[in-house]
Amino acid sequence: MTNESLSATVTIKAPAETVFAIIADPVSHPAIDGTGWVRDPRDHQPLTASGQVFRMDMYHPNHPNGNYEMANLVEVFDPPHAISWKPGYDTGDGTLGFGGWIWRYDLAPFDPSETEVWLTYDWSAVPEDVRKTGPSFPPFSPDHLHNSLNRLAELVLSAAD
C-alpha cells in the first residue's frame, strides 16, 4: 500500500490561539498558500464551526478555465488544536461535490508562546475514476507544504508586530 498523504511541520513563536485564528480566517489563505493557486476569498468571515462552507477563487494553468472557485467544507473545527476542510465544487444542482482530498492543520503548544504546526494533505479518499482521469496525486511538489508553513509563520509573526 502506498502512502496517500503528505505532512510537514514547523514551530512558530506564537501562542496556538494566535496561529489558529490566522488559519481559520479565509482572508489569510492567499498569503499562506505556497503554490499561488489560492487567489481571493469569496467569504470574508472567520471559520467558526464544522459543517461551514467557505469559498475561494482559485487559479491553476492546467484547469480547463484557468480561474475557478472552490467550495471548502470544514470537517474538523477544534480551536486551537485542529482544523480541516474538504475542497469541493458546486455540482449545479444546489449540492457540493468533493474530489476526496483534505487539508488539515494540527497545532500543539510547546509552551504559552510557541506552537508546533503540522500541515497534512490527504488524498486517500480520492475515487479511482478521479485518479484515472484527473491530476496525479499530490498535484504539487512536497515542498509546497513547507512553503505554506513558512508563509504561515511569517504571517503570524508579522501580525504580532
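What do you reckon, is residue 152 buried (at least 16 other Cβ atoms within 10 Å of the Cβ), more than 17 Å from residue 3 (Cβ to Cβ), at pLDDT 90 or above and under 15 Å from the mean Cα position of the chain (by Cα)? Spell out how you get there, then give the answer.
On the way: buried (at least 16 other Cβ atoms within 10 Å of the Cβ): yes; more than 17 Å from residue 3 (Cβ to Cβ): yes; at pLDDT 90 or above: yes; under 15 Å from the mean Cα position of the chain (by Cα): yes.
Spelling it out, residue 152 is indeed buried (at least 16 other Cβ atoms within 10 Å of the Cβ), more than 17 Å from residue 3 (Cβ to Cβ), at pLDDT 90 or above and under 15 Å from the mean Cα position of the chain (by Cα).
Taking segment 127-146 on its own, how many of its residues are outside any loop (DSSP other than H, G, I, E, B) and either surrounded by fewer than 18 Cβ atoms within 10 Å (Cβ to Cβ) or touching a His at 6+ places or on another chain (Cβ under 8 Å) (or both)? If you could, list the steps in order and put the result at the bottom.
Here is the first cut: in segment 127-146, the ones outside any loop (DSSP other than H, G, I, E, B) are 128-133, 143-146.
Still in the list and also either surrounded by fewer than 18 Cβ atoms within 10 Å (Cβ to Cβ) or touching a His at 6+ places or on another chain (Cβ under 8 Å) (or both): 128-133, 143, 146.
Here the count works out to 8.
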**Asked** Do we find a residue being at positive phi and modelled with pLDDT of 90 or more anywhere in segment 15-24?
**Response** no
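Would you mind finding the one in 90, 111, 143, 129 that is of a type outside the set (Ser, Thr, Tyr) and closer than 17 Å to residue 7 by Cα? Before you say what the answer is, go through the steps one by one.
On the way: 90 fails: closer than 17 Å to residue 7 by Cα; 111 fails: closer than 17 Å to residue 7 by Cα; 129 fails: closer than 17 Å to residue 7 by Cα.
Residue meeting the stated conditions: 143.
Yes or no: residue 100 assigned to a loop (DSSP other than H, G, I, E, B), at pLDDT below 95 and touching a helix residue (DSSP H, G or I) at 6+ places or on another chain (Cβ under 8 Å)? Quick ask: steps written out before the conclusion?
Numbers: assigned to a loop (DSSP other than H, G, I, E, B): yes; at pLDDT below 95: yes; touching a helix residue (DSSP H, G or I) at 6+ places or on another chain (Cβ under 8 Å): yes.
Against the criterion (assigned to a loop (DSSP other than H, G, I, E, B), at pLDDT below 95 and touching a helix residue (DSSP H, G or I) at 6+ places or on another chain (Cβ under 8 Å)), residue 100 qualifies.
Say whether the condition of being surrounded by 15 or more Cβ atoms within 10 Å (Cβ to Cβ), at pLDDT below 85, under 13 Å from the mean Cα position of the chain (by Cα) and within 22 Å of residue 135 (Cα to Cα) is met by at least one residue in segment 59-67.
Taking segment 59-67 as the starting set, the residues that turn out to be surrounded by 15 or more Cβ atoms within 10 Å (Cβ to Cβ) are 59-60.
Filter once more, so that each one left must be at pLDDT below 85: 59-60.
The next check asks that each one be under 13 Å from the mean Cα position of the chain (by Cα); those that pass are none.
So far as segment 59-67 goes, no, none of its residues is surrounded by 15 or more Cβ atoms within 10 Å (Cβ to Cβ), at pLDDT below 85, under 13 Å from the mean Cα position of the chain (by Cα) and within 22 Å of residue 135 (Cα to Cα).
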**Asked** For segment 26-51, which residues satisfy the criterion of being without any contact (Cβ under 8 Å) to a residue 24 or more places away in the chain, buried (at least 18 other Cβ atoms within 10 Å of the Cβ) and part of a loop (DSSP other than H, G, I, E, B)?
**Response** 37
**Item:** Hits in segment 103-126 - residues which are assigned to a loop (DSSP other than H, G, I, E, B), surrounded by fewer than 16 Cβ atoms within 10 Å (Cβ to Cβ) and at pLDDT 90 or above
**Value:** 113, 124, 125
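Take the residues in segment 1-17 that are of a type outside the set (A, V, I, L, M, F, W, C) and out of contact with any strand residue (DSSP E or B) (no Cβ under 8 Å at 6 or more places or on another chain), then tell me which one is surrounded by the fewest Cβ atoms within 10 Å (Cβ to Cβ). Give the steps one after another, and end with the answer.
To start, the set of residues in segment 1-17 that are of a type outside the set (A, V, I, L, M, F, W, C) comprises 2-5, 7, 9, 11, 13, 15, 17.
Those still in the list that are out of contact with any strand residue (DSSP E or B) (no Cβ under 8 Å at 6 or more places or on another chain) too: 2-3, 17.
Working: 2: 5, 3: 8, 17: 13.
It comes out as 2.
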**Message:** Here's a check for you: in segment 68-77, which residue that is under 13 Å from the mean Cα position of the chain (by Cα) and under 20 Å from residue 92 (Cα atoms) is modelled with the lowest pLDDT?
**Reply:** 70
**Prompt:** Of the residues in segment 108-122, how many are closer than 24 Å to residue 85 by Cα and among the aromatic types (Phe, Trp, Tyr)?
**Reply:** 2
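The values are calculated or read from the model by the stated rules, or taken from the named source; none is laboratory data. Just so we're clear, the structure is a prediction, and the values are computed from it rather than from any experiment. Positions of Cβ are generated from backbone atoms using ideal geometry, with glycine treated the same way; all protein chains shown enter the neighbour counts.
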